[in-house]
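Structure, as structure tokens:
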Amino acid sequence: MSQYDAIIVGAGPGGATAAAFMARAGLRPLLLDKDTFPRDKICGDAISGKSVDVMKRLGMIEAMVEAEGRDETIGSWGVTFSGPYGDEVAIPFTKMLDQPVAPGFVMDRVRFDNLVFAQAVEAGAEIWQNATVKGLIMEENGTSPGRVLGVEVQHEGETKHIHAPLTIGADGPYSVVLRSLGMDQLDEKHYCAGLRSYWRGVTGFHERNHVEIHFVDEAIPGYFWIFPMADGMANVGVGMLSSVIKKKDIKLKPLLQLLVDHPRFRHRFTDAEMVGKIQGWGLPLGSKPRTMHGDGWLLLGDAASLVDPFTGEGIGNAMVSGEKAAEWAGYAKSFNDYSAAHLKGYEDAVLDYLGDELKLSHAMQRLGNWKWLLNTVVAKASRSPELADAISAMFDDESQRKKLISPLFYLRVLAA
Ligand SMILES: Cc1cc2nc3c(=O)[nH]c(=O)nc-3n(C[C@H](O)[C@H](O)[C@H](O)COP(=O)(O)OP(=O)(O)OC[C@H]3O[C@@H](n4cnc5c(N)ncnc54)[C@H](O)[C@@H]3O)c2cc1C
């Protein structure tokens, strides 16, 4: 018998969401993180509609709106794309521009992750910070590792062995849980590297705080982002597939500098200064499904390789999978069944929710290689309010979004 129903390794948005939902449902989770909150996480800091939906269910949207009032986050109401030849199109996330809560936000991860973490604290989850998990405790099963029984964790100067019927890996792209399961082989075609920098004084943002995604010749396939933040700040970065970086021997730091100095953007940085230094981190993409369950274990968020392959969005997917993991921890306890066969229901639930979207985004990512097509769509959308409207509807409605990978859609655009 363990005093915990589940051990959650990692208290990022995915792990903290799982812990909050579990504790609220009367389960006893132990949430472990090697850092002490508030802590930073390298990111573009754009918080999508999907995260907003989970925040509403978590009951933390009010905290977000209050933070907006204190100028600690900004509501973002759309996205502006630019194509390789410089055409730009502004697409609202929603037509309901008078709704009380913004459809998306941009907030530094020091603050945002701390808000999600606070939900786990408030819900009464047991939490150990400054607790580094070193590996899994596993049942020996002949030559292959068997059921996961718990974790070995370094905490308060001691090595502790903690047991629970369920262990959840929510420890990000360099997951120790994944490594201990022998599943950490990196596939560069499904992995992205990203650089983030913070700037003060960047000008020229859309009046409704659109996040900006720029497809620039020098950074394709990949994109340059400029995201407006509260308090006159901006998050500026670049991301690209690791296989392309390796094949073309691309150095991301000089590339980011080149983009900031690019004739299309440099006027916006004339009076801006970088705050802090450029930092990089990995994004495990959901273009290649990864097993997310087994005997006594689940994976979620980046550890489950759930980052959107087109947009790089991972916060929402981490929170959605955290919510589903909490639900399945409850089922496993009710039926006292922590077997892989039963926990497969978790993986099915995550893929039911995110699977189609990840496939679609993978197709969109590959379309990004077709520079002329990308440019034609952006150029035509910038001149045609109907096409911009159609793309806007695709943000609101997934069935509409499927049109984005239909050849017919592109034929219509080309013929328009
Ligand atoms: C450059 C860049 C830009 C991005 N931009 C965006 C964006 O704009 N919008 C978006 O939605 N997503 C973005 N992402 C992706 C997003 O950051 C991740 O998908 C998201 O943080 C995943 O959340 P998570 O909870 O799974 O993992 P994390 O946020 O990585 O949290 C993992 C936690 O596990 C802890 N941990 C790790 N190892 C151990 C251990 N051994 N023991 C105990 N604890 C451990 C860590 O301290 C950390 O707190 C970006 C990523 C990068 C790299």
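Neighbour counts of other Cβ atoms within 10 Å put Phe37, Phe112 in the fewest-to-most order Phe37, Phe112.
Relative to the longest principal axis of the Cα atoms of the chain, helix 109-123 runs at roughly 40 degrees. Averaged over residues, the count of other Cβ atoms within 10 Å places the peptides 167-176, 334-343 in the sequence 167-176, 334-343, highest first. Positive end of the dipole of region 90-140 (Cβ unit charges, origin at the Cα centre): among Ala125, Met107, Leu97, the Cα lying farthest that way belongs to Leu97. Between the Cα long axis of helix 49-58 and the first principal axis of the chain there is an angle of about 40°, rounded to the nearest 10.
Against the longest alpha carbon principal axis of the chain, how many degrees, from 0 to 90 and to the nearest 10, is the axis of helix 385-396 turned? Helix 385-396 sits at roughly 0 degrees to that axis. Around the Cα centre of the chain, unit charges on the Cβ atoms of Lys, Arg, Asp and Glu (plus for the first two, minus for the last two) sum to a dipole of about 1140 debye. Its Kirkwood hydrodynamic radius, worked out from the mean inverse distance over all distinct Cα pairs, puts the chain at 22.1 Å.
Check cross-link reach from Lys253 to the lysines: straight Cα distance under 22 Å, and skip same-chain residues fewer than eight apart. Candidates past the 8-residue exclusion: Lys41, Lys189, Lys277. Dipole magnitude for region 94-173: about 260 debye, using +1 per Lys or Arg Cβ and -1 per Asp or Glu Cβ, origin at the Cα centre.
Here the sum of -39500 (n - 2.57) over DSSP H runs of 4 or more residues, divided by the residues of the chain, equals -11500 deg cm²/dmol at 222 nm, to the nearest 500.
The ranking of Glu347, Glu126, Glu62 from fewest to most other beta carbons within 10 Å of each one's beta carbon is Glu62, Glu126, Glu347. For region 276-319 versus region 325-361, the inter-centroid distance based on Cα atoms is 16 Å.
Using only side-chain charges placed at the Cβ, +1 for Lys and Arg and -1 for Asp and Glu, the dipole size of region 278-379 relative to its Cα centre rounds to 400 debye. Put in line by how crowded their Cβ is, counting other Cβ atoms within 10 Å and starting with the fewest, Trp328, Trp128 read Trp128, Trp328. Given the options Leu115, Leu300, Leu97, state which has the largest fluctuation in a GNM of the chain using a 10 Å cut-off (strictly under) for Cα springs. Greatest mean-square fluctuation among the candidates belongs to Leu97.
Readers should treat all values here as calculations from the given coordinates under stated rules, not as data from a laboratory. A quick note: this is a predicted structure, and the numbers were derived from the prediction, not measured. Every residue, glycine among them, receives a Cβ derived from its backbone with ideal geometry; neighbour counts consider all protein chains shown.
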